[in-house]
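Just below is one structure, and these are the notes that go with it.
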Amino acid sequence: MARNPNIVFILSDDQGAWAMHCAGNKELKTPNLDRIAARGMRFENFFCASPVCSPARASLLTGTIPSAHGVLDWLRGGNLDAERFAKQGAQDPYGGYVSEHKPIQYLAGQLTYTDVLAQNGYNCALSGKWHLGDSINPQHGFRYWYTIGRGGCFYYHPDIVENGDIRNLHGQYVTDLITDKALEFLDILSEESAPFYLSVHYTAPHSPWSAEHHPKEFLKLYEDCPFESVPNVPDHPGLTCPPVYGTPTRTENLKGYFAAISAMDQGIGQILDRLQQKGLDQETIVIFASDNGMNMGHHGIWGKGNGTRPMNMYDTSIKVPFLISWPGNIPSGTVCRQMVSAYDFFPTLIDFLDMDTHQLHGLPGRSFADVLRGQPQDEERDVVVFDEYGPVRMIRSKRFKYIHIYPYGPDEFYDLQADPEEQVNRIADPCFEAEILEMRRRMESWFNRYVNPNMDGSREGVTGSGQLCSAGVYAQRLEKYASPEENG
């Protein structure tokens, strides 16, 4: 019986689907992402589950929605034991671990695809960002563990977790550290008899983007770039960062963002080269994706879903890159235009590896393994994707997008066929009244089916400013005030 293929899953942080050369952005230099696309399949319409990092990552791992796994916002707390690591916090350039108290394993008791891989004999390793609680202790099937104390860090001031402790590696570029450890893990894993799964989770191209945070050699690549690939439009009225339009900040931001991607791309090239040097490239599935999308001036926004108040669901916030290659098994140089979601990734991976899928019962996603096997794509198939971010929920078909903001709006509706850039909100247009009502009905029915009422993000007071503790506060409050003792 043939051994299962190895898997290298490379995940970037805050990279829009538009931010790759192979996706049509001729200003960006990403030769190694282009290399993966040329050897495999690029997806044009891959959507994250939530337009912010921690919920999106949790949904990739579990195949469930934020309002089921309980990670509803980026995790401001629960990453570290602040008392134990007080010294490292004092050295932290962010100003200390002020939001940290005790570690929380937010996905404890939940099944992830890495759990399933480990159960099926895979050796699992993580190099890079975790940001799903308790960064110190390996979880969910991971045997090797090298991560960051919290979610992000300054590029030259990372707080690295290894062997149950934290070290502040001032002056070392975190993108290079993640790459170097991934190469080390590859050397170790390739010597073992079992197949391996290696997660390489870069912090790039997340902010900060100012020049002191990135190597000069990569900033120089974009010294004279006009950045015509990115809209230069007035700031969004709900912008959550200081003004950018008409200031030098725009060029500085874009230069740093592009440089961060190219620096990461160089690291990806080193990983691909190492696989080839070891003769593993033909027996390894290589996947590249991002946790959520990103606006770098798109719609006048400099951020993702929480780049505005209220939070937004523009395609630039929810559409992410997705590349996958496995020579001889996935058709090379192909493009999938079918709409797929992060919910679909877990069932697809397990199906594609021909593993027992009984554990997938009840998950909202469905496998697109047939597409990876080169079977014809059904362009007419009715595909709808859903997203959520706290009180903001979305349903999107090929033509229409409806966004509902609980409890009072303002809601949005876009005709993507006539308005692919989502410039005109048609929510009050009587011509679309029937479509709006039907999409709302369908959206609410879908969420009612998959929501855990104890973790319902629409009732948890999610603001986009970070999650400090486990979800369920709303439900606990309801139970408290519903009791006769409390009301009497």
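The values are calculated or read from the model by the stated rules, or taken from the named source; none is laboratory data. Quick caveat, the model's predicted, so the values are computed rather than measured. Positions of Cβ are generated from backbone atoms using ideal geometry, with glycine treated the same way; all protein chains shown enter the neighbour counts. Heavy atoms of the whole protein, side chains included, go into the accessibility calculation; ligands, DNA and RNA do not. Shrake-Rupley method; radii C 1.70, N 1.55, O 1.52, S 1.80 Å.
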Worksheet item: Just wondering, is there one or more residues in segment 96-111 that are in contact with a Cys (Cβ under 6 Å, 6 or more places away or on another chain) and among the hydroxyl-bearing types (Ser, Thr, Tyr)?
Response: no
Fill in: Inter-residue pairs, beta-carbon under 8 Å, first closer than 16 Å to VAL320 by Cα and in segment 20-37, second of a type in the set (Gly, Ala, Ser) and open to solvent by 60 Å² or more (accessible area, probe 1.4 Å), 6+ apart
CYS22/ALA38
Item to complete: Mind listing just one residue for me: the one in segment 437-458 that is among the small types (Gly, Ala, Ser) and out of contact with any Leu (no Cβ under 7 Å at 6 or more places or on another chain) and, of those, most open to solvent (accessible area, probe 1.4 Å)?
Response: SER445
Discussion item. So the check is Cβ under 8 Å with 6+ separation or different chains; which pairs have a first residue in segment 399-422 that's over 16 Å from THR308 (Cβ atoms) and a second one that's assigned to a loop (DSSP other than H, G, I, E, B) and of a type in the set (S, T, N, Q)?
Written reply: ARG399/GLN417; PHE413/ASN425
Worksheet item: For segment 181-192, does any single residue satisfy the condition of being in contact with a Gly (Cβ under 6 Å, 6 or more places away or on another chain), open to solvent by 10 Å² or more (accessible area, probe 1.4 Å) and modelled with pLDDT of 95 or more?
Response: no
Discussion item. Here is a check on your reading of the model: is VAL230 within 28 Å of PRO93 (Cα to Cα), open to solvent by less than 30 Å² (accessible area, probe 1.4 Å) and not in a helix (DSSP H, G or I)?
Written reply: no
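If you check GLY269, GLY238, which single one turns out to be loosely packed, with under 15 Cβ neighbours inside 10 Å and not acidic (Asp, Glu)?
Details: GLY269 fails: loosely packed, with under 15 Cβ neighbours inside 10 Å.
Only one candidate passes the filter, namely GLY238.
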Worksheet item: Taking ASP176, is it farther than 26 Å from GLN15 by Cα and open to solvent by 60 Å² or more (accessible area, probe 1.4 Å)?
Response: no
Discussion item. For segment 6-51, give me each residue that is under 22 Å from SER367 (Cβ atoms) and either among the polar types (S, T, N, Q) or surrounded by fewer than 18 Cβ atoms within 10 Å (Cβ to Cβ) (or both).
Written reply: ASN6, GLU44, ASN45, SER50
Practice prompt. Could you check how many residues of segment 279-301 are among the hydrophobic types (A, V, I, L, M, F, W, C), surrounded by fewer than 24 Cβ atoms within 10 Å (Cβ to Cβ) and farther than 11 Å from ILE7 by Cα?
Written response: 1
Fill in: Matching residues in segment 347-370 - criterion: being within 15 Å of PHE322 (Cβ to Cβ) and in a loop (DSSP other than H, G, I, E, B)
GLY365, SER367, PHE368
Worksheet item: When the residues of segment 414-436 are filtered to those that are over 28 Å from the mean Cα position of the chain (by Cα) and acidic (Asp, Glu), which remaining residue is surrounded by the most Cβ atoms within 10 Å (Cβ to Cβ)?
Response: GLU435
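Among LEU111, LEU107, LEU132, which is closer than 19 Å to SER54 by Cα, open to solvent by 10 Å² or more (accessible area, probe 1.4 Å) and under 20 Å from the mean Cα position of the chain (by Cα)?
LEU111
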Worksheet item: What is the one condition in (1) in contact with a helix residue (DSSP H, G or I) (Cβ under 6 Å, 6 or more places away or on another chain); (2) open to solvent by 10 Å² or more (accessible area, probe 1.4 Å); (3) not β-branched (Val, Ile, Thr) that ARG84 does not satisfy?
Response: (1)
Fill in: Residues located in segment 24-42, provided they are in a loop (DSSP other than H, G, I, E, B) and either among the polar types (S, T, N, Q) or over 23 Å from MET339 (Cβ atoms) (or both)
ASN25, LYS26, GLU27, LEU28, LYS29, THR30
Worksheet entry | Inter-residue pairs, beta-carbon under 8 Å, first in contact (Cβ under 8 Å) with a residue 60 or more places away in the chain and aliphatic (A, V, I, L, M) and in segment 162-181, second surrounded by 13 or more Cβ atoms within 10 Å (Cβ to Cβ) and assigned to a loop (DSSP other than H, G, I, E, B), 6+ apart | ILE166/LEU80; ILE166/PHE85; ILE166/ILE136; ILE166/GLY149; ILE178/TYR202; ILE178/THR203
Worksheet item: Can you pull out the residues in segment 457-483 that are modelled with pLDDT of 60 or more and more than 18 Å from PRO391 (Cβ to Cβ)?
Response: CYS469, SER470
Discussion item. Need pairs with beta-carbon distance below 8 Å; first residue of a type in the set (D, E, K, R) and within segment 429-454, second surrounded by fewer than 17 Cβ atoms within 10 Å (Cβ to Cβ); sequence gap 6+ or separate chains.
Written reply: ARG442/VAL384
Discussion item. Can you find a residue that is open to solvent by less than 20 Å² (accessible area, probe 1.4 Å), not aliphatic (A, V, I, L, M) and not in a helix (DSSP H, G or I) anywhere in segment 248-255?
Written reply: no
Worksheet item: Quick one: is ALA90 modelled with pLDDT under 95 and open to solvent by 30 Å² or more (accessible area, probe 1.4 Å)?
Response: yes
Practice prompt. Collect the residues in segment 209-224 that are over 13 Å from GLN266 (Cα atoms), surrounded by fewer than 16 Cβ atoms within 10 Å (Cβ to Cβ) and not aliphatic (A, V, I, L, M), keeping them in residue-number order.
Written response: SER210, GLU212, LYS216, LYS220, GLU223, ASP224
Worksheet item: Under 7 Å by Cβ, and 6 or more places apart or on different chains, what pairs join a residue from segment 355-366 that is modelled with pLDDT under 95 and open to solvent by 60 Å² or more (accessible area, probe 1.4 Å) with one that is outside any loop (DSSP other than H, G, I, E, B) and of a type in the set (A, V, I, L, M, F, W, C)?
Response: THR357/ILE350; GLN359/VAL116
